[in-house]
Structure formats: structure tokens, C-alpha cells
Amino acid sequence: MTFSKIKKFNSISPKELLAVERFLKSDSPLSGFYGSNRPEFFGGKQIRKFEENWSKKFNTEYSVSMNSATSCLIASMGAIDLKSGDEVIVSPFSMSISAIAPIFYGAVPIFCDIEEDFFNIDYEDVIRKTTSRTKAIIVVNQFGHPAELERLKVFCKKKGIYLIEDNSQSILAHENNKLCGTVGDIGVFSLNIHKHIHCGEGGVCITSNKELASRLSLIRNHGENVVDSLNLKNNSNILGFNFRLPEISATIANEQLKRVDFLTKRTEDIGSYLSEELLDVENLIVPKVRKNCRHVYFMWSCKVKNSSKKSLHKFCSLIQKKGILITQGYVKPIYRLSIFNENLDFGCNDKMKFYRSYYENLTCEVVERIHNNEIIQFQPVSWDIKLRDIKIMAKQIKDIFNQTINK
Ligand SMILES: Cc1ncc(COP(=O)(O)O)c(C=O)c1O
């Protein structure tokens with residue numbers, strides 16, 4: 001059997017269709033936001049219902065929806081009042097915005113290496129790279145697995161720095177029964193089309209801090225227009241954007257949220273059964289799960305030992321011919337993007353120039369090795385794979401792996 005007939009997974013069900021139809025027939029405005037100090041400053045009916053439901057699900061005080069996780073991360077940097085020259089500790093092995101969001105406020109990303117086993121930011125390296133200029137850590141729960149959140153939280157508290165969780169890939173993952181996204185001062189979620197639940201494009205910030213929630217809402221919706229009437233104590237960084245989520249998107253997101261348990265269990269099963277089937281393959285290290293953690297397998301990410309770029313390439317092209325989209329590498333370490341090496345001006349952000357030699361000389365040994373020579377990945381979120389097919393799929397992976405890597 002080949003997998004060419006396996007379809008892309010579509011998490012949008014008749015329930016979302018029905019909800020959108022009902023919404024459109026209701027004659028409600030497509031956006032309920034207003035830019036003045038009145039309840040609609042915080043969005044229309046669907047937005048507020050969605051945020052209320054999100055807060056309940058994550059047992060948090062405040063949820064602030066936006067039009068993407070990108071917007072959420074930028075707004076989070078403003079909300080913590082990041083200033084020019086502040087440093088923010090980031091991971092080099094994630095989506096670029098989780099590392100470059102600080103630059104929008106004139107601050108400087110400082111890259112740490114990653115853990116061998118879980119691909120998340122390395123706790124010991126975070127400690128080494130924290131300085132008196134460090135204002136925050138952006139920790140990403142990468143590929144569906146929690147970072148060392150509890151330890152990072154304790155460290156941040158001790159140092160008086162903010163912990164911002166980018167939980168775009170790890171909805172309902174947890175560490176010690178504490179849901180990812182709820183540990184940091186702000187937790188960020190993505191609702192783009194590639195994620196466990198989505199509404200095309202969207203994002204949510206959660207926090208239990210009233211002031212941060214208020215600042216996030218202001219940055220989302222041109223806060224400069226309402227700060228006077230609100231009599232805020234601290235107006236700095238309240239220059240706002242249009243980061244607003246439309247009502248239709250919130251309607252879809254509301255329905256998706258009702259199905260999030262099912263949708264995460266689905267990928268958790270695919271990832272963990274695949275691992276079970278391939279546990280004994282020589283030189284293939286299937287994803288590990290840290291004790292007391294839940295992995296929700298946004299990505300099923302394996303390390304390959306005793307191989308080379310060339311044989312990984314051969315393995316991936318042969319397995320792809322069987323209709324199984326396993327890819328080689330992830331994103332190149334973010335500090336290797338040319339913006340860090342050639343164009344450090346970033347408009348008005350002069351501070352970055354002082355860091356030119358830091359970026360030029362930066363090498364994170366683990367991330368370079370893993371990305372260049374070791375990691376291969378499959379994305380359970382994207383594929384409609386029935387559990388009964390996993391044995392067949394695993395056999396194909398094993399056969400081709402033995403022909404190309406273990407030959
Ligand atoms: C870890 C991480 N952070 C942030 C983002 C950005 O999400 P969005 O597309 O919602 O802006 C993504 C999207 O892929 C992501 O994976």
C-alpha cells in the first residue's frame with residue numbers, strides 16, 4: 001500500500017459551517033470593534049464570547065484574541081513595556097517571529113541553544129545568557145512538547161523577568177498537569193490553518209495579570225485613541241495596531257474550541273503509535289516525552305544518528321514517493337537569517353548595530369547539528385491518517401530507512 005491517497009486533514013466540520021451560516025443570517029456586523037472608550041472597544045459579540053470560552057478552557061483570567069500569533073507576540077512585547085536596548089532570550093529553532101518580535105520595540109534577541117531531546121530552549125544556556133539587561137524570555141513549546149516551563153518560571157521570578165510562552169504549536173500539551181500557555185506571564189496561541197484548531201488566521205494571548213491584559217487590548221486596537229479617557233498610569237508603548245480578529249473568524253474559532261480535545265487526541269495518537277512502531281529501528285530516535293509531560297505532536301520529530309545530509313535526503317525523497325511527507329531539517333537557526341548578518345539596521349533600531357559581532361560569531365552547536373544533519377519530521381496535524389494505517393506506514397518508513405540510512 002502507498003499513501004498517495006491519504007488526504008489532507010480538514011478540521012472544519014459541519015458544525016463550523018452551521019455556526020457561520022447562523023451568524024451571517026443574524027445580520028450582525030462582520031466586525032464589532034470600535035476605536036473609542038466604550039464596551040465595543042473590546043470587540044463584538046462573537047469575539048467576547050470566544051474570549052470568555054477560551055478563558056474557561058484554559059482556566060485563566062483574561063484572553064485577548066488577535067488576528068495572528070505574530071500579532072500576539074508583538075503585542076506581548078509592547079505589553080511588558082519592552083524598551084530600546086533591553087535583551088530578550090529566545091530560541092533559534094522555531095518560527096522566526098518568536099525570536100524577532102522584540103526587535104519591533106528596539107530590543108535585542110539573544111539566542112540560546114536547544115535541548116538535545118525535546119528541541120526546546122536549553123534551560124542551562126538560558127541561565128548562562130541572562131544578564132542585567134534581560135527583560136524577558138520567549139519560550140516556545142516546540143513541536144507539541146512543553147519546554148521546561150516550571151523551572152523557567154521559578155528562574156524568571158527570582159530574576160524579576162517576564163516569561164512569555166509561545167504556545168502556537170502545543171495547545172493542550174502540559175507539564176506536571178499545568179497546561180502549556182498558562183505558566184508564563186503571557187501565553188500565546190496561533191489559530192492559523194496549520195494548527196490543531198484554526199479559523200484560517202488568528203491568535204490568542206492569555207494572562208492572569210489585569211494590567212497586561214489591558215495593555216494587550218490597547219495595543220490590539222489603536223490604544224493611543226483611548227488612553228486619555230482611561231486615565232492610565234502607564235501609557236508607554238500603547239501605540240496601537242489593528243490586530244483585531246473578525247467576527248466570522250471568532251465564530252469558527254468558537255466551534256473549533258469545542259472540538260479541541262478530540263483534535264489534540266487525534267495527533268497525540270498518531271504520533272505516539274508511530275513512535276511505538278518504530279522504537280526499535282537502529283539509528284532512528286523517535287520523539288521522547290519528558291516525565292509528567294503531554295506531547296500533542298504538532299510535529300513528529302525524529303533524530304537520525306550515524307547519517308549524513310545526503311542519505312537523509314535520499315531517505316526523504318524515497319519515502320515521499322510513497323506518499324508519506326517526511327521532511328528533512330526544520331528552519332535554519334534564526335540567527336543565520338541574512339537580516340542578522342547583513343542588514344542589522346532594522347530601521348530606527350540602532351541598538352542592533354552594537355550586536356553585529358555577537359550575531360556574526362554566534363554558533364549554537366546543538367541546533368546547528370540537529371538542523372543540518374539529524375532531524376526528520378512528519379506533521380500529524382496535516383494528515384488524515386487512521387490508526388489502522390499506521391502499522392503499514394511504519395513498515396514503509398522502516399524499510400526505506402534500512403535501505404538508505406542503515407544499509
Ligand atoms: C511557534 C510559532 N510561533 C508563532 C507562529 C506564528 O503564527 P501566526 O501564523 O498565527 O502568526 C507560528 C506559526 O507557524 C509558530 O509555529
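One Cα centroid belongs to segment 280-297, the other to segment 123-172; the line between them spans 22 Å.
Relative to the longest principal axis of the Cα atoms of the chain, helix 45-57 runs at roughly 60 degrees.
Find the relative contact order for segment 14-258 and round it to a whole percent, using C-alpha pairs within less than 8 Å whose residues are 6+ positions apart.
For segment 14-258, the relative contact order is 26 percent.
Would you please name the trypsin sites (Lys or Arg not before Pro) within segment 64-133 that are DSSP coil residues with at most 16 other C-beta atoms within 10 Å of their C-beta? Counting only loop positions with at most 16 other Cβ atoms within 10 Å, the trypsin sites (Lys or Arg not before Pro) in segment 64-133 are Lys83, Arg133.
Bridgeable aspartates and glutamates around Lys233 (alpha carbons under 15 Å apart, same-chain partners fewer than 8 residues away excluded): Asp81, Glu211, Glu224.
Per residue, what volume in Å³ does the Cα convex hull of segment 260-404 take up? Write out the running numbers ahead of the final one.
Details: hull volume 24.2 nm³, N = 145.
Cα-based convex hull of segment 260-404, divided per residue, equals 167 Å³.
Between the amide H of Ile110 and those of Val88, Ile89, Val90, distances stay under 5 Å, these residues lying 5 or more places away or on another chain, with hydrogens modeled in the peptide plane.
Multiply the residue gap between Glu116 and Ser382 by 0.36 nm, knock off their C-alpha separation, and tell me the result in nm, one decimal place. Walk me through the intermediate numbers first.
Details: separation 266, 0.36 × 266 = 95.76 nm, distance 2.54 nm.
Extending this stretch completely gives an extra 93.2 nm.
The HN-Hα couplings worked out from phi for segment 365-376 by the Karplus form 6.51 cos²θ - 1.76 cosθ + 1.60 (θ = phi - 60°) are 4, 5, 5, 5, 5, 4, 5, 6, 10, 10, 8, 10 Hz, whole numbers, x standing for Gly and Pro.
Maximal additional length on extending the Asn341-Thr327 stretch stands at 2.3 nm, based on 0.36 nm per residue less the C-alpha distance. A dipole drawn for the chain from +1 and -1 charges on Cβ atoms has a positive end, and of Val20, Leu274, Tyr297 the residue lying farthest that way is Leu274.
Output the antiparallel fraction of DSSP beta bridges having both residues in the chain, as a percent to the nearest 5. Present the calculation step by step, with values, prior to reporting the outcome.
Working: 24 of 39 bridges.
Within the chain, antiparallel bridges account for around 60 percent of the total.
With q set to 0.07 Å⁻¹, the log10 of I(q)/I(0) for the chain, from the Debye formula over equal scatterers at the Cα positions, is -0.34. Of all lysines in the structure, those lying under 17 Å Cα to Cα from Lys398, and not within fewer than 8 positions of it along the same chain, are Lys303, Lys305, Lys314, Lys321, Lys322, Lys407. No solvent, one uniform scatterer per C-alpha: report log10 I(q)/I(0) for segment 53-178 via the Debye equation at q = 0.10, 0.20 1/Å, two decimals. The computed values of log10 I(q)/I(0) come out as -0.29, -1.23. For the chain, the dipole from Cβ point charges (+1 on Lys and Arg, -1 on Asp and Glu) about the Cα centre works out to 820 debye, to the nearest 20.
Compared with the dominant Cα axis of the chain, that is its longest principal axis, helix 309-321 is turned about 90°. Compared with the dominant Cα axis of the chain, that is its longest principal axis, helix 14-25 is turned about 20°. If you take the Cα centroid of segment 234-249 and the Cα centroid of segment 313-329, the two points sit 41 Å apart. Percent of alpha carbon pairs in segment 143-266 separated by more than 26 Å? The calculated P(r) of segment 143-266 puts 31 percent of pairs beyond 26 Å. Put simply, the Cα atoms of segment 116-183 extend 33, 24, 19 Å along their principal axes, the longest span coming first.
We did not get these values from a lab; they are worked out from the coordinates using the rules stated. All values reported here derive from a predicted model rather than from experimental measurement. A quick note on method: Cβ atoms are made from the backbone with ideal geometry, for glycine too, and the neighbour counts reach across all protein chains shown.
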